[in-house]
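A short worksheet on the structure shown next.
The values are calculated or read from the model by the stated rules, or taken from the named source; none is laboratory data. A quick note: this is a predicted structure, and the numbers were derived from the prediction, not measured. When we count neighbours, we look across all protein chains shown, and the Cβ atoms used for this are built from the backbone with ideal geometry, even at glycine. Heads up: the accessible areas ignore ligands, DNA and RNA and are worked out on the full protein's heavy atoms, side chains in. Shrake-Rupley method; radii C 1.70, N 1.55, O 1.52, S 1.80 Å.
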Amino acid sequence: MKYLFALALLAGALGARAQGVLTFERDLHDFGAVPEGTQAAHEFRFKNTGNQPVVIANVQASCGCTTPDWTKTPVLPGKSGIVRAVYSSAGRPGVFNKTVTVTSNAAEPSHVLTIKGTVLTKDEQKKTLTPAELARSPRLVIEGAPAHDFGRLESGQQLSARFVVRNAGKSPLVLGALGSACYCVGYKVPPAPIAPGQSATVELVYAPRQLGPLADVVTLQSNDVATAGEAKLTLRATVVRTLVPESLVKESGTAVPFK
């Protein structure tokens, strides 16, 4: 009887220790100086040092300015994964200190990671650069007309417009956040850095929320510090409730008797 009791205690103890453990390489990342308008991204790497798979249920940022992503599949014992935090610096000059909280089925169910840094305005960045460094900086140039007219657009539709961006500078051009008063414009695909002397097509998705003739100005920011570092693009459309002719709408609503 005592033997069985001891086995039960041992099994319970082993079961209690059967759990995944998230071990992060570090809990804090300091970006240092971040150019305003860029996306500051960092991957926190971790390893499951436990003896059971770990599943991350959620990663919650402390503010809307930080976008998290993470390994969605179960992380087996001995395997690694990442938690990615992206801080949007557009319109947020100054010091920042943000957290992301990782929730999982690990032995520590909640784990806090921190990112911090200082967002520098274009003028502040210029003061830290030598004339030679300014000469080597990227240059943002919009090729062609900086405007797109969608014509008549049905309410609720999302259409895209393409613009060609050229880097006339001597270092890679990194396109940053998009700004608009309507909050109705975004990248279809996050743009990759543009090499010096090269051009790339940037596709913007437009989803207006108002009816009538619209002309929404979009600010495209970048790491170009030698000039203004941003470009103004205009998206025009006449938004209507429906593109179906009125006569067809009325006809479709007419009752047809059975014969």
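Some observations on this one:
- Share of pairwise Cα separations in segment 46-154, more than 17 Å, in percent: 69 percent
- Two-site FRET efficiency, Lys232 against Ala207, from Cβ-Cβ distance with R₀ of 22 Å, rounded to 0.05: 0.65
- Estimated from the Cβ-Cβ distance and a Förster radius of 25 angstrom, the FRET efficiency linking Val55 and Val112 is about 0.85.
- Local electrostatic count, Leu178, Cβ distance below 13 Å [Lys/Arg +1, Asp/Glu -1]: -1
- P(r) for the chain, from all Cα pairs and a bin width of 5 Å, is 1, 5, 10, 11, 11, 11, 11, 9, 8, 6, 4, 4, 3, 2, 2, 1, 1, 0 %, short bins first.
- Fraction in percent of alpha-carbon pairs per bin - 10 Å, segment 136-248: 14, 43, 26, 12, 4, 1, 0
- The chain, relative contact order [Cα under 8 Å, separation at least 6], %: 17 percent
- Percent accessible area from carbon and sulfur atoms, segment 29-116, protein chains only, probe 1.4 Å: 51 percent
- Each helix, a run of at least 4 DSSP H residues, gives -39500 (n - 2.57); summed and divided by the residues of the chain, these come to -4000 deg cm²/dmol at 222 nm.
- Accessible area per residue in Å² at 1.4 Å probe, computed on the chain: 58 Å²
- Accessible surface of segment 163-230 [probe 1.4 Å, protein heavy atoms]: carbon and sulfur percent: 56 percent
- Two-site label geometry, Lys127 and Asn105: point separation in nm, points 7 Å out along Cα→Cβ: 5.3 nm
- Out-of-range pairs (alpha-carbon distance over 29 Å; input Lys79/Lys170; Lys47/Lys170; Lys72/Lys98; Lys127/Lys232): Lys79/Lys170; Lys47/Lys170
- Note on Ser160 and Ser180: with the Förster distance fixed at 22 Å, the Cβ-Cβ geometry gives a FRET efficiency of about 0.90.
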